[in-house]
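Asker: Dropping the structure in here first, questions after.
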Amino acid sequence: MTIDVFPQFIRQNYEIHQWRHACAILAKDFPDELNDLVDVLSRFRLKKSWIERGGGNKSPISTWIDSELATKGWTPKNFDTRILVDGASLDSPTHEIDCFKNRIALEIEWNNKDPFYDRDLNNFRLLFDLRVISVGVIITRSDELQGIFNELDRGRSYGNSTTHMSKLLPRIQGGGGAGCPLLVFGITRLLYDANS
């Protein structure tokens, strides 16, 4: 099963990549979570005003996606993980997942430094190995958006060392997520709304 589990609008407006049958797992074992993703991604538009707004801890893009998923029961999630060796408990901390629901972990990487991808993939790998997640999802931006950022004189804020698809794919192809099924969405130029 391929990205055909997503409607045509999503396939045409997002750059989509999957590894280790993530789409099949979502479609067969997590249809409600798949429907949540379809709904939120179908309604998302990249507003010009969001790109022009600078700074801050969390981008309006991440905030919108987080809040829309929250209405469907997706929440931030910390896992308390430890390793037990000869009766001694050693903490093995993971970082908080942006959005989590029923074994599906989702991270939004809009404009962070690109090593955040390493953190996310390592977290997905560990949580998958511990059998607490079944699929890891990352929503990021396609490289083609750099042209829009440059047109809006925001290109320097979205530099080459920040999170975009060409920084993520080599990490995944190099085994960064190990055995964890992964699904990646890149926001493309087709979702850009220059009038908002």
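Asker: Contact order normalised by length for the range 1-91, with contacts defined as Cα pairs under 8 Å and 6 or more residues apart; what percent is it? Display every interim value, and only then the final one.
Answerer: Details: 44 pairs, mean separation 17.9, N = 91.
Reported relative contact order: 20 percent.
Asker: Something else now. Taking the Cα atoms of the chain, report the difference between the largest and smallest coordinate on each principal axis, in whole Å and largest first.
Answerer: 60, 34, 32
Asker: For a quick protection proxy, order the peptides 76-86, 24-34 by their average other-Cβ count within 10 Å, most packed first. Mind dumping the intermediate values first?
Answerer: Numbers: 76-86: 10.9, 24-34: 16.7.
The most tightly packed comes first, giving 24-34, 76-86.
Asker: For 100, 185, 44, what ranking results if the residue with the fewest other Cβ atoms within 10 Å of its Cβ goes first? Mind dumping the intermediate values first?
Answerer: On the way: 100 22, 185 25, 44 19.
Going from sparsest to densest Cβ surroundings: 44, 100, 185.
Asker: Let me ask something else. Find out how many positive minus negative residues lie around residue 60, taking Lys and Arg as positive, Asp and Glu as negative, among other residues whose Cβ is under 9 Å from that of residue 60.
Answerer: Here the charged neighbours net out to +3.
Asker: Need the full-extension length gain, residue 85 to residue 38, defined as separation in residues times 0.36 nm minus the C-alpha distance. One decimal, nm.
Answerer: Details: separation 47, 0.36 × 47 = 16.92 nm, distance 4.25 nm.
Net length gain for the segment: 12.7 nm.
Asker: Run the helix sum for the chain: -39,500 (n - 2.57) per DSSP H stretch of 4+ residues, divided by residue count, reported at 222 nm to the nearest 500 deg cm²/dmol. Could you put the intermediate results ahead of the total?
Answerer: On the way: 8 runs with 73 residues, N = 196.
After summing the helix terms and dividing by residue count, I get -10500 deg cm²/dmol.
Throughout, read-outs are computed from the coordinates displayed, never taken from laboratory work. Quantities reported herein were computed from a predicted structural model and do not represent experimental measurements. All Cβ positions, even for glycine, are placed from backbone atoms using ideal geometry, and neighbour counts span all protein chains on display.
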